[in-house]
1. Inside region 255-266, can you point out the residues that are of a type in the set (V, I, T) and surrounded by fewer than 18 Cβ atoms within 10 Å (Cβ to Cβ)?
2. Within region 244-254, restricting attention to residues that are of a type outside the set (S, T, Y) and within 12 Å of T211 (Cα to Cα), which residue is surrounded by the most Cβ atoms within 10 Å (Cβ to Cβ)?
3. Being surrounded by fewer than 14 Cβ atoms within 10 Å (Cβ to Cβ) and within 16 Å of the ligand (Cβ to nearest atom), is that true of even one residue in region 267-281?
4. Report whether or not A62 is part of a helix (DSSP H, G or I), over 19 Å from the mean Cα position of the chain (by Cα), loosely packed, with under 14 Cβ neighbours inside 10 Å and outside the structural domain of F278 (by TED's automatic domain parsing).
5. Do any strands (runs of 3 or more DSSP E) entirely within region 78-189 hold 3 or more residues that are over 14 Å from the mean Cα position of the chain (by Cα) and more than 16 Å from the ligand (Cβ to nearest atom), and if so, which?
6. Please find, within region 12-57, the residue that is surrounded by the fewest Cβ atoms within 10 Å (Cβ to Cβ) out of those that are of a type in the set (D, E, K, R) and within 16 Å of the ligand (Cβ to nearest atom).
7. Going through region 65-80 one residue at a time, which ones are buried (at least 20 other Cβ atoms within 10 Å of the Cβ) and under 24 Å from D22 (Cα atoms)?
8. So E85 passes all but one of these: (1) surrounded by fewer than 15 Cβ atoms within 10 Å (Cβ to Cβ); (2) assigned by TED's automatic domain parsing to the domain that holds G184; (3) under 30 Å from R255 (Cα atoms). Which condition number does it fail?
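The values are calculated or read from the model by the stated rules, or taken from the named source; none is laboratory data. These numbers were taken from a predicted model, which means no experiment stands behind them. Cβ: placed from backbone, ideal geometry, glycine included. Neighbour counts: every protein chain shown.
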Amino acid sequence: MATVWIDGKWYDRETATVSVYDHGLLYGDGVFEGTRVYGGKIFRLKEHLDRLYDSAQAIWLAVPLPKEEMTAITEEAVRRSGHAEGYIRHIVTRGVGDLGLDPRKCPRASVIIIVDAIQLWPEEVYRAGLRVVTAGTPIPHRESLSPRVKSLNYLAHILAKIEGIQAGADEVIMLDSAGSVAEGSGQNLFVVKGGRLRTPPAYGGILRGVTRDAVIEIAESAGYDVREEPLNRYDVYTADEAFFTGTATEIVSIREVDGRVIGAGEEGPVTRDLRRRFQALVRD
Ligand code: PMP
């Protein structure tokens with residue numbers, strides 16, 4: 001059962017509704033977060049809420065709750081949901097306004113917190129790895145709607161995802177407008193070459209994933225050399241291993257990109273080692 005909190009009241013999946021005049025719906029005017037619950041504990045809630053409030057700040061949206069209150073309500077929502085293994089969605093919309101796009105017509109932002117079950121992939125998917133194609137749709141330019149804002153505008157990523165579906169692939173790699181490798185439709189990307197890990201830098205214009213940052217930390221403390229530097233498709237095609245990271249995905253290997261088999265064409269030893277370490281971290 002899902003537990004939903006909207007602006008101070010509790011609902012379930014059937015009763016939770018928003019106004020058709022909410023600018024989150026009318027214009028995609030809002031921000032969100034996705035966070036995991038492992039064994040009843042919320043993984044890196046502070047980091048997710050920091051990113052949520054930064055996303056809101058970047059789009060001139062005042063979150064109508066202090067972070068401490070947001071934290072307390074989130075913890076209560078998880079308790080009420082009874083989901084020891086679950087997924088939390090935070091949404092802050094511009095709120096109810098008129099049919100014009102002027103945000104000043106929306107006197108109060110709306111806050112929604114959903115806690116629900118999470119659909120997990122079977123272990124075989126992690127072992128086999130994903131078949132991936134490069135999408136033709138680039139991520140938005142960093143000086144347009146910054147990809148660092150986790151906004152309710154996911155259309156570029158959805159269009160890329162559709163390209164992947166049309167091609168019969170499991171996932172896509174999105175490039176930035178200069179042609180560098182950026183991210184997946186909802187994941188960050190790493191490559192491994194000669195034991196060294198490389199991932200695109202956040203300032204280049206990607207979503208700075210909480211999982212990505214956790215993976216950088218655990219990899220460095222395990223003694224791996226990790227570099228945040230621009231990558232192009234050549235680097236992915238010629239990698240020993242490649243993998244995606246994300247809250248829902250965790251760490252999943254990539255076995256094929258645009259028809260090129262990556263490494264041994266299955267989860268490699270570095271990816272497996274990091275996945276094991278990540279599981280230990282989230283259960284810590
Ligand atoms: N990039 C995009 C576009 C995403 O939507 C996500 C999922 N939030 C990520 C990367 C991975 O971020 P995180 O590890 O914080 O889930």
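1. Residue satisfying the conditions is V261 alone.
2. F244
3. Checking region 267-281: at least one residue is surrounded by fewer than 14 Cβ atoms within 10 Å (Cβ to Cβ) and within 16 Å of the ligand (Cβ to nearest atom).
4. Values: part of a helix (DSSP H, G or I): no; over 19 Å from the mean Cα position of the chain (by Cα): yes; loosely packed, with under 14 Cβ neighbours inside 10 Å: yes; outside the structural domain of F278 (by TED's automatic domain parsing): yes.
No.
5. Values: elements: 86-93, 110-116, 130-134, 171-175, 181-183.
Ranges flagged: 110-116.
6. Taking region 12-57 and keeping what is of a type in the set (D, E, K, R), we get 12-14, 22, 29, 33, 36, 41, 44, 46-47, 50-51, 54.
The next check asks that each one be within 16 Å of the ligand (Cβ to nearest atom); those that pass are 33, 36, 44, 46-47, 50-51, 54.
Values: E33: 23, R36: 22, R44: 18, K46: 11, E47: 17, D50: 14, R51: 22, D54: 14.
Per the stated criteria, the residue is K46.
7. Answer for region 65-80, where residues must be buried (at least 20 other Cβ atoms within 10 Å of the Cβ) and under 24 Å from D22 (Cα atoms): M70, T74, A77.
8. So E85 meets the others, but not (2).
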